[in-house]
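For reference, the structure is listed below as structure tokens.
The values are calculated or read from the model by the stated rules, or taken from the named source; none is laboratory data. In this text, all values refer to a predicted model and were calculated from it rather than measured experimentally. Methodologically, a virtual Cβ is constructed for each residue, glycine included, from the backbone with ideal geometry; neighbour enumeration extends over all protein chains shown. Heads up: the accessible areas ignore ligands, DNA and RNA and are worked out on the full protein's heavy atoms, side chains in. Shrake-Rupley method; radii C 1.70, N 1.55, O 1.52, S 1.80 Å.
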Amino acid sequence: MGLAPRPIGILGGTFDPIHYGHLRPALELLETLELAEVRFIPCRIPAHRATPLITAEQRLTLAQLATAGQPGFVVDDRELRREGPSYMVDTLVSLRADFGADIPLCLILGTDAFRELLTWHRWQNLSDLAHIVVMQRPDVLPALPPMLEKFMAPRLIQDTLALRRKPAGSILFHAVTQLSISATRIRTLLAHGQSPRYLLPEAALAYIHDRALYRAPPVKITISE
Ligand code: ATP
């Protein structure tokens, strides 16, 4: 009998911009769960939040710059190639079509994203298509909505190897280094002319500076007659 296939990790997000709070936990999961790869999938139109300040192509480029040179990190542009809002369930269907029915897929979520799961398009179908791996994020209360608790209970696993025994359907909570970094904070710093250096990779920051991204909008001056 051959070895069970190594799971593919899927980290979707707005990545507006990508930062070390995404990258370090992703690397830890890649190594500790022995994933074949982690695919970073920037959304085209976020389903759950306001339109980002920079274009989807710019967010994709930032993700490519930030992950360049890290074996096992892959940036996947499939959501940018799809019309309409970027629903994760559609993305998982398309990954299944590419990778086949047998390979374990692990949808990686921060605790805050997991708590919101019930608001996602066709959320009940997500675990038919992938496992869910929740990475602990600082500053987020662990209390979950009762309906989510109920959904979670029969699927919860402790043993990371169980992710390799079937292609989808389990939920694993996995502790990662807690980095209290958010894209919101980075955007705020830039809008105030302050530096987000050391919160995200230097190559991504250089691109942001070169193109003057996330600068505060020019103040409108109205001259009264
Ligand atoms: P924003 O501040 O704009 O809401 P964000 O920093 O939360 O953005 P997203 O692109 O929305 O970044 O997040 C993508 C995924 O990464 C989500 O599942 C989110 O929970 C997770 N994530 C974001 N920041 C962290 C962090 N510091 N630690 C662990 N997970 C994180």
In nm, to one decimal, how far is the modelled label at Gln194 from the one at Met147, with both set 7 Å along Cα→Cβ? 3.8
Carbon-plus-sulfur fraction of the accessible area of the range 8-180, 1.4 Å probe, in percent? 54
For the chain: Kirkwood Rh in Å [reciprocal of mean 1/r, alpha carbons]: 18.5
For a quick check: with amide H placed at 1.01 Å from N, whose amide H comes under 5 Å from Ala130's, ignoring anything fewer than 5 positions away on the same chain? Gly169
Among beta bridges assigned by DSSP with both residues in the range 1-105, the antiparallel ones amount in percent, to the nearest 5, to 0
Quick query: amide H of Val75 versus all other amide H atoms, modeled in the peptide plane; which residues come in under 5 Å with a sequence gap of 5 or more or a different chain? Phe40
Ranked order, Val93, Val133 - accessible area, probe 1.4 Å, largest first: Val93, Val133
Take Val93 and Ile157, extend 7 Å from each Cα along the Cα→Cβ direction, and tell me the distance between the two endpoints in nm. 2.5
